[in-house]
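J.: Before we start, here is the structure in question, set down as structure tokens.
The values are calculated or read from the model by the stated rules, or taken from the named source; none is laboratory data. For clarity, every value in this text was computed on a predicted model and none was experimentally measured. When we count neighbours, we look across all protein chains shown, and the Cβ atoms used for this are built from the backbone with ideal geometry, even at glycine.
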Amino acid sequence: MMDDEDFDFDKERIPRKKICAGIYMKGIDPPSLDLLAREGIIALRRAKRRNMERLVLACGGEAVNSVDDLTPDSLGWAGLVYEHILGEEKYTFVEQVKNPHSCTILIKGPNDHTIAQIKDAVRDGLRSVKNTLEDECVVLGAGAFELFALTLTNSFLCCSL
């Protein structure tokens, strides 16, 4: 728990313009949440480890274990952090980051079967894009290869007769 005196010290040590959101893997006690809210700082608690790792990669900075370890150099940067309610769930979006190499695709559907089908289709599409970029070539689908082979065979037969 932080008391007012500790919080004032941290405000002086780290300029206010630099902090607009704090993301924590553990809980935050109510007095600390109140102090952060009064300063206009969004505080997210109980974040998952994998999400923290992704945020560090995307926003820069580093994960620290205590307020004492917090320095201006350990802070990451994001242009926009906001909370949005979709249905009954609250989601926090972090946008305009330094290194946008990671993202979350939010999939919603009426039932588990539909969601599973959408996830499979998205995964297959992303895998196709990845394979195309790695192999630097494309094999067209929908019978395009067979039609091209037929055209070449016919042109070869016509020319040889």
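J.: (1) hydrophobic (A, V, I, L, M, F, W, C); (2) modelled with pLDDT of 85 or more; (3) not in a helix (DSSP H, G or I): which one isn't true of residue 64, the others all being true?
T.: Of everything listed in (1) hydrophobic (A, V, I, L, M, F, W, C); (2) modelled with pLDDT of 85 or more; (3) not in a helix (DSSP H, G or I), residue 64 misses just condition (2).
J.: Please name all residue pairs, on different chains or six or more residues apart, with Cβ atoms under 8 Å, provided the first residue is in the range 96-124 and is in contact (Cβ under 8 Å) with a residue 12 or more places away in the chain and among the small types (Gly, Ala, Ser) and the second residue is assigned to a helix (DSSP H, G or I) and surrounded by 11 or more Cβ atoms within 10 Å (Cβ to Cβ).
T.: So the pair list comes out as 102/54; 102/57; 102/58.
J.: Just one of the numbered conditions (1) over 27 Å from residue 109 (Cβ atoms); (2) free of Cβ contacts under 8 Å to residues at least 60 places away in the same chain is not true of residue 47; which one?
T.: (1)
J.: Which residues, taken from the range 82-102, are under 16 Å from residue 126 (Cβ atoms) and surrounded by fewer than 11 Cβ atoms within 10 Å (Cβ to Cβ)? Show your work before the answer.
T.: Here is the first cut: in the range 82-102, the ones under 16 Å from residue 126 (Cβ atoms) are 100-102.
Hit for the range 82-102 is 101, nothing else.
J.: I'd like the full set of residues that are farther than 20 Å from residue 40 by Cα and hydroxyl-bearing (Ser, Thr, Tyr), limited to the range 75-113.
T.: Once the filter is applied, which keeps residues that are farther than 20 Å from residue 40 by Cα and hydroxyl-bearing (Ser, Thr, Tyr), the range 75-113 yields 102, 104.
J.: Continuing with this model, one more query. Pairs please, first residue from the range 138-161 and in contact (Cβ under 8 Å) with a residue 60 or more places away in the chain and within 30 Å of residue 124 (Cβ to Cβ), second anywhere and surrounded by 10 or more Cβ atoms within 10 Å (Cβ to Cβ) and among the basic types (Lys, Arg), Cβ atoms under 8 Å, 6+ apart in sequence or on different chains.
T.: none
J.: Within the set of pairs 6 or more residues apart or between chains, which connect a residue that is under 20 Å from residue 76 (Cβ atoms) inside the range 21-32 to a residue that is assigned to a helix (DSSP H, G or I) and hydrophobic (A, V, I, L, M, F, W, C) with Cβ atoms less than 7 Å apart?
T.: What qualifies is 22/36; 23/52; 23/55; 25/52.
J.: Additional query: Within the range 77-93, identify whether any single residue is within 15 Å of the chain's Cα centre (by Cα), at pLDDT 85 or above and not in a strand (DSSP E or B), and answer yes or no.
T.: Checked the range 77-93: at least one residue is within 15 Å of the chain's Cα centre (by Cα), at pLDDT 85 or above and not in a strand (DSSP E or B).
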